[in-house]
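The values are calculated or read from the model by the stated rules, or taken from the named source; none is laboratory data. Everything numeric in this text was worked out from a predicted model, so none of it was measured. Only protein heavy atoms, including side chains, enter the accessible area calculation; ligands, DNA and RNA are left aside. Shrake-Rupley method; radii C 1.70, N 1.55, O 1.52, S 1.80 Å.
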Amino acid sequence: HSFPTRRSSDLLRQAGYDVESAGDGVEGLAKMRAKGFDLVILDYLMPGMDGYEVLGEITKDDALRQVPVVVVSGLGDVTNAATLIEAGAADYLTKPVDSGLLRARVSRCIDAKRMREREQRLYAELRELQALRDSLTHMIVHDLRTPLTSLLASLKTVVQMGDEMTAERKARLLG
């Protein structure tokens, strides 16, 4: 899901993406909070909140921060693009949007998001496995401690008896 500009919407629908549109930043943020999106295509110039303000709201929200944002703007200003990317945008496209470039960047952003999600799932599984290993190690150590303590006590007794026996023999030999 994404909520891109009209032209971008048409291009993405033609490429097989499920597209949702919003009339302004407030509506777009509400839709993002209500549904899960894989990507947001954000027009820089919008009524009400501009793209920079919407991007700021997205990056402040823990639930939305992981969604990549591609900003589309008629302003071909490199400084503007750099500012938006530094503010959290995954990418920046200028109007008129080239369909091949749009599809490539959308695909790259969605693939990167899915890879991060996979890494997060694998990391969570790894943490669970480490906790299980630690629990198992603790249980094994605990279960082996009792028989080992008994065995060590028995060995100590045998060694002491051996030491005493040696002392008696020494006394007999010397005596």
Starting from the Cα-Cα distance between LYS31 and ALA63, subtract it from 0.36 nm times their residue separation and give me the gain in nm to one decimal.
-> 10.3 nm
Kirkwood Rh, Cα Rg: Rg to Rh for the stretch 80-170?
-> 1.65
Contact order relative to length for the stretch 44-123, counting C-alpha pairs under 8 Å separated by 6 or more residues, stands in percent at 27 percent
Just the number, please: Stokes-Einstein D of the chain in µm²/s, Kirkwood Rh from C-alpha pairs, 25 °C, 0.890 mPa s.
-> 118 µm²/s
Once all protein chains are kept in place, LYS95 shows an accessible area at probe 1.4 Å, nearest 10 Å², of 90 Å²
Potential lengthening between ILE85 and ARG7 on full extension [0.36 nm per residue; Cα-Cα distance subtracted] = 25.9 nm
Extension reserve of the LEU126-LEU155 stretch, reckoned as 0.36 nm per residue once the Cα distance is removed | 6.3 nm
Using only Cα atoms, find the angle between the long axis of helix 51-60 and the longest principal axis of the chain, and express it within 0 to 90 degrees, rounded to the nearest 10.
-> 20 degrees
In what order, largest first, do TYR92, TYR52, TYR123 sit by accessible area if the probe radius is 1.4 Å?
-> TYR123, TYR52, TYR92
Amide proton proximity set for TYR92, modelled H, under 5 Å, gap of 5+ = VAL71
At what distance in angstrom do the alpha carbon centres of the stretch 61-94 and the stretch 123-159 lie from each other?
-> 53 Å
Kindly provide the Kirkwood hydrodynamic radius of the stretch 1-76 in Å, to one decimal, from all pairs of distinct alpha carbon atoms.
-> 12.3 Å
